[in-house]
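Trainee: This is the structure, below, for whatever I ask next.
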Amino acid sequence: MPPFSATQWLLAITAAFGMGVSKAGFAGVGLFHVVVFALLFGARDSTGVVLPMLLVGDVAAVVAFRRQARWDLLRRMLPPACVGIAVGAALMDRISDAMYKPLIGWITLALTAMQVMRMARPQSFGDVPHGSAFAWSMGLLAGGTTMLANAASPIMSVYFLAVSLPKLEFVGTAAWFFFVINLFKVPFSAWLGLIHGSTLLFNLVLSPVILAGLWAGGWLTRRVSQQLFDGLLLAFAAVAALRLIGAF
């Protein structure tokens, strides 16, 4: 177990709860745990520390929302995402946080702005979000981003909103997507030495907190309107992008 102070444990517990909430549909909340665990363990090492906890949330989310998944979108997005993970793993020892985090932030911010414009003027982008080129671009970006920084949630939020997924289909599709790609990441993280036996007990201790966050997020998702849900996702994505850029 890491030798944390009481304040550090409080941050870790709050971040784990937010991780669960993010798995229930409020994907942008997930950036909070990215920032907290990067602070506690370092940006690179935290990706391996967090991965087992993400899988706990993924399994629970798949069980809870398995019937809402859109398999046509999953078949379209998973192949490029897996390619992106492999590319991200190859780059992980060659680029620094100072290089890739602002890039991810600017891309996410641009995609968020595009989606806001598309919602205001649906004719602006036509069928672009439904094309295979757009899907491959977003899949590659999401795969690379999740390998490098565990920060693909805002990107996938914007994509799923762009293809007009209702909120429960959004949650079910995202649950399966992140379960598959996080499982796919395990051998790469192990190869890079990012998964440590010494942190597995830490993961186990925080697992109930993740499940509590998932329950709370699921309760909230079913009670907010589709319009509010979409607006919150875009707001979370924009905040996440600004944090990655270094605006605050």
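None of the figures in this text is laboratory data; all of them are computed from the coordinates on show. Predicted, not measured: the structure shown is a model, and the values here were computed from it. Counting neighbours? That spans all protein chains shown, and the Cβs are built from the backbone with ideal geometry, glycine included.
Trainee: Would you mind checking the tilt of helix 200-221 against the longest principal axis of the Cα atoms of the chain, expressed as 0 to 90 degrees and rounded to 10?
Mentor: Roughly 30 degrees between the two axes.
Trainee: Could I ask something else about it? When you count, for each residue, the other Cβ atoms within 10 Å and take the mean per peptide, how do 139-150, 62-73, 168-179 rank with the highest first?
Mentor: In decreasing order of mean packing, 139-150, 62-73, 168-179 become 139-150, 168-179, 62-73.
Trainee: Please list 51-59, 155-163 highest first by mean number of surrounding beta-carbon atoms within 10 Å per residue.
Mentor: 155-163, 51-59
Trainee: Of the peptides 216-225, 74-83, how do they stack up when ordered by the mean number of other Cβ atoms within 10 Å, highest first?
Mentor: 74-83, 216-225
Trainee: Evaluate E = 1/(1 + (r/R0)^6) for LEU10 and MET117, where r is the Cβ-Cβ distance and R0 equals 25 Å; express this FRET efficiency to the nearest 0.05.
Mentor: 0.05
Trainee: I'd like the projected area of segment 127-248, averaged over all directions, using the convex hull of its alpha carbons. Report it in nm² with one decimal.
Mentor: 9.2
Trainee: With runs of 4+ DSSP H residues as the only contributors, calculate the mean residue ellipticity of the chain at 222 nm using -39,500 (n - 2.57) per run, divided by the residue total and rounded to the nearest 500.
Mentor: -26500 deg cm²/dmol
Trainee: Round to the nearest 0.05 the FRET efficiency obtained for VAL63 and ALA110 when R0 = 51 Å and r is the Cβ-Cβ distance.
Mentor: The computed FRET efficiency comes out at 0.90.
Trainee: Label-point separation (nm) for VAL83 and GLN227, each offset 7 Å from Cα along Cα-to-Cβ?
Mentor: In this crude label model, VAL83 to GLN227 measures out at 4.0 nm.
Trainee: Quick one: order LYS23, LYS167 by neighbouring beta-carbon count within 10 Å, fewest to most.
Mentor: Result, fewest neighbours first: LYS167, LYS23.
Trainee: Let me ask another. Give me Rg/Rg_expected for the chain, where Rg uses Cα atoms only and Rg_expected = 2.2 N^0.38 Å with N residues.
Mentor: Normalised Rg, Cα atoms only: 0.94.
Trainee: For segment 140-177 and segment 1-71, what is the centre-to-centre distance using only Cα atoms, to the nearest Å?
Mentor: So the two Cα centres are separated by 15 Å.
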